[in-house]
Amino acid sequence: MNKKSVYDSIMAGLNEALEDSASKKPILKRHKVIVEPIKTYKADDVKRIRNTTGMSQKTFASYLGVSCKTVEAWEAGTNRPSGIASRFLMMIEMDKDLVIKYPFVSNAVMK
């Protein structure tokens, strides 16, 4: 696509959006996006989720990409997971097989 056709395409889209916003009856499709709020996890919740995975604190920490001390603090109630860690805990809670589907950590058999 050359610069002129990119410009024309952008302008056509902008003009269509302006026309739609000025119209009493919407012309363009509208989509409503709902994002599930991030849950707040307490110490017992974190431990319960970790136990469903069958992982030790150390392995669970490696799986989540945090330190073992972080998981220990969550489970002791000293700190709480937030942001992406909470979202990831939600995903594990919703799909118990997530850690099997996405095996970021595996057990190596030592001889």
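The values are calculated or read from the model by the stated rules, or taken from the named source; none is laboratory data. Since this is a predicted model, take the numbers as computed values, not measurements. In this analysis, Cβ positions are derived from the backbone assuming ideal geometry, glycine residues included, and neighbour counts consider all displayed protein chains.
Miscellaneous remarks
- Enumeration of residues in the stretch 66-101 that are without any contact (Cβ under 8 Å) to a residue 12 or more places away in the chain, assigned to a loop (DSSP other than H, G, I, E, B) and within 24 Å of Thr40 (Cβ to Cβ): Ser67, Thr78, Asn79, Asp95
- Of residues in the stretch 70-89 being surrounded by 17 or more Cβ atoms within 10 Å (Cβ to Cβ) and aliphatic (A, V, I, L, M), the one farthest from Ser56 (Cα to Cα): Ala85
- Sole residue being modelled with pLDDT under 95, of a type in the set (Gly, Ala, Ser) and surrounded by 11 or more Cβ atoms within 10 Å (Cβ to Cβ), chosen from Ser23, Ser9: Ser9
- Within the stretch 28-42, if we keep just the residues that are more than 19 Å from the chain's Cα centre (by Cα) and not charged (D, E, K, R), the residue that is surrounded by the most Cβ atoms within 10 Å (Cβ to Cβ) turns out to be Leu28.
- Of the residues making up the stretch 43-57, those that are touching a residue at least 12 places away in the same chain (Cβ under 8 Å) and surrounded by 13 or more Cβ atoms within 10 Å (Cβ to Cβ) number 9.
Table: residues versus (1) charged (D, E, K, R); (2) modelled with pLDDT under 95.
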site	(1), (2)
Ala43	no, no
Asn51	no, no
Gly65	no, yes
Lys69	yes, no
Glu72	yes, no
Ala76	no, no
Pro81	no, no
